[in-house]
Amino acid sequence: MKNEENMKITRARRELQCEGAITKYYKDTVVLPDGRTEKYDFVGHNGAAAAVGVLPDRRLVMVRQYRNALDRFTLEIPAGGLNPDEPTIDAAARELEEETGYRCGKIEKLITIRTTVAFCNEKIDIYLATDLTETAQHLDEDEYVKIELHTMEELEAMIYDGTIEDAKTIASVLAYKNKYLG
């Protein structure tokens with residue numbers, strides 16, 4: 001195995017190729033340890049926050065929503081992008097209430113994930129939200145979200161049978177189980 005200190009790689013150039021609503025696509029030129037240059041794709045993302053909402057009866061508050069990239073509905077924990085200068089803890093609480101209609105009385109950091117490290121810098125801070133009070137959903141105009149309540153056993157079965165494929169949801173549900181349920 002090569003020593004990391006001898007594997008210096010530097011980015012020589014980053015060129016914006018396309019800008020979308022939530023991402024920017026770049027073509028990077030990097031200089032490898034042997035002096036050769038290589039081109040890499042890079043997707044810049046502003047980051048996101050998510051919440052594992054847990055009711056007193058230990059059911060988790062989930063959302064079923066349409067995902068264009070998969071052209072189907074998926075079952076996920078509530079999550080969303082950050083507003084400018086918004087702390088992720090505030091974004092997680094906001095997204096939980098907007099998408100599910102549950103406000104949390106207590107919120108604490110669970111985990112941080114990087115979704116696709118090969119080509120994207122997306123970072124999602126995920127929080128555990130408890131002491132939930134039912135309020136009302138405040139969905140964006142383009143959001144169609146159905147709220148579902150599931151037990152840990154149901155969610156775990158859906159993870160292992162392939163029903164739930166969303167990485168943030170899988171990581172979060174299993175992290176919650178391991179950290180808080182033993």
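Key figures
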item: The one condition in (1) closer than 30 Å to ASP161 by Cβ; (2) in contact with a Ser or Thr (Cβ under 8 Å, 6 or more places away or on another chain); (3) open to solvent by 40 Å² or more (accessible area, probe 1.4 Å) that PRO56 fails to fulfil; result: (2)
item: Extreme residue, least open to solvent (accessible area, probe 1.4 Å), among residues of segment 139-153 that are among the charged types (D, E, K, R) and assigned to a strand (DSSP E or B); result: GLU148
item: Qualifying residue in segment 102-111 (condition: free of Cβ contacts under 8 Å to residues at least 24 places away in the same chain and assigned to a helix (DSSP H, G or I)); result: no
item: Pairs, first over 20 Å from TYR66 (Cα atoms) in segment 156-182, second of a type in the set (Lys, Arg) and surrounded by fewer than 19 Cβ atoms within 10 Å (Cβ to Cβ), C-beta under 9 Å, six or more apart; result: GLU156/LYS177; LEU181/ARG58
item: Candidate set: segment 119-131, residues that are open to solvent by 40 Å² or more (accessible area, probe 1.4 Å) and in contact (Cβ under 8 Å) with a residue 60 or more places away in the chain; chosen: the one nearest to LYS177 (Cα to Cα); result: LYS123
item: Number of the condition not met by GLN17 [criteria: (1) open to solvent by 80 Å² or more (accessible area, probe 1.4 Å); (2) not in a strand (DSSP E or B)]; result: (2)
item: Odd one out for THR116, checked against (1) out of contact with any strand residue (DSSP E or B) (no Cβ under 6 Å at 6 or more places or on another chain); (2) more than 17 Å from VAL61 (Cβ to Cβ); (3) of a type outside the set (Gly, Ala, Ser); (4) surrounded by 13 or more Cβ atoms within 10 Å (Cβ to Cβ); result: (4)
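The values are calculated or read from the model by the stated rules, or taken from the named source; none is laboratory data. Please read all numbers here as calculations on a predicted model, not as lab measurements. Cβ atoms come from the backbone with ideal geometry, glycine included; neighbour counts cover every protein chain shown. Ligands, DNA and RNA are excluded from the accessible area calculation, which covers all protein heavy atoms including side chains. Shrake-Rupley method; radii C 1.70, N 1.55, O 1.52, S 1.80 Å.
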